[in-house]
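Working notes, structure below.
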Amino acid sequence: MSQPNPNNLIEDAYAFKLAIESLTTHIVITNVQGVILYANPGVSSTTGYSHEELLGKTPRLWGGQMDSEFYALFWKTIKEDRKTFKGEVKNRRKNGEDYVALATVSPIIINGELEGFIGIEEDISEHIHREHQLQEQADNLAFAKAKDDAIMANIGDGLIITDPQGIITFVNNQAEF
């Protein structure tokens, strides 16, 4: 079996670092205590904290917005069970603005020992905002339809509505007589 070419390993590591650092997705690596050892530029973009403010701190800097039961399950999953945690997390930017992130945190296990964690977050606040807007529009349309149906059902004259093919789609009570 041939030995790996060290130049290729260096080039591969450099390319990998460039890829990670160009992502807008937020990526952190911490030690077992949760102290940040590495944060890509996406962390600063998302949280508003500078690289210098992040290193040596914990994600509590922008996190800590969930209840204690959430964090108990979170730490049990990643530290005790040594499994990946995935879920929505409410966080707060440096400027005080709350946001919701889809978070994935995995344990880093080397030779059977827990060495730290890698966390990836994606700000999904805008997606949630759009979902709420769409739901509000759907609710408004349903209300308008119910109102129109009530008016048509109770109008004094007989009313028959057809689709473009001439198939009857609505008949009010007065038209049935």
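Which number comes out as Rg/Rh for segment 47-102 once both Rg and the Kirkwood Rh are worked out on C-alpha atoms? Mind showing how you got there, number by number?
Details: Rg = 12.3 Å, Rh = 12.3 Å.
For segment 47-102, the value is 1.00.
How many lysine pairs in the chain, separated by 8 or more positions in sequence or lying on different chains, have Cα atoms less than 19 Å apart? Let's see the in-between values first.
Numbers: Lys57/Lys79; Lys57/Lys90; Lys57/Lys94; Lys76/Lys86; Lys76/Lys90.
So the count of such lysine pairs works out to 5.
For the chain, what number results from the quotient of the Cα radius of gyration and 2.2 N^0.38 Å?
Numbers: Rg = 27.5 Å, N = 177, 2.2 N^0.38 = 15.7 Å.
Rounded to two decimals, the normalised Rg is 1.75.
Tell me which GluC sites (Glu not before Pro) from segment 67-128 have a DSSP coil assignment and no more than 16 other beta carbons within 10 Å of their own. Please list the in-between numbers first.
Working: sites: Glu69, Glu80, Glu88, Glu97, Glu113, Glu115, Glu121, Glu122, Glu126; in loops: Glu97.
Here the GluC sites (Glu not before Pro) that fit, given the DSSP loop and packing criteria, are Glu97.
How big is the accessible area of Leu55 in square angstrom, nearest 10, if you roll a 1.4 angstrom probe over the protein chains?
Surface open to solvent at Leu55 totals about 60 Å².
The values are calculated or read from the model by the stated rules, or taken from the named source; none is laboratory data. From a predicted model like this one, the values you see are computed outputs, not experimental measurements. With ideal geometry, Cβ positions are generated from the backbone for all residues, glycine too; neighbour counts draw on all protein chains shown. Surface accessibility is based on the protein's heavy atoms, side chains included, excluding ligands, DNA and RNA. Shrake-Rupley method; radii C 1.70, N 1.55, O 1.52, S 1.80 Å.
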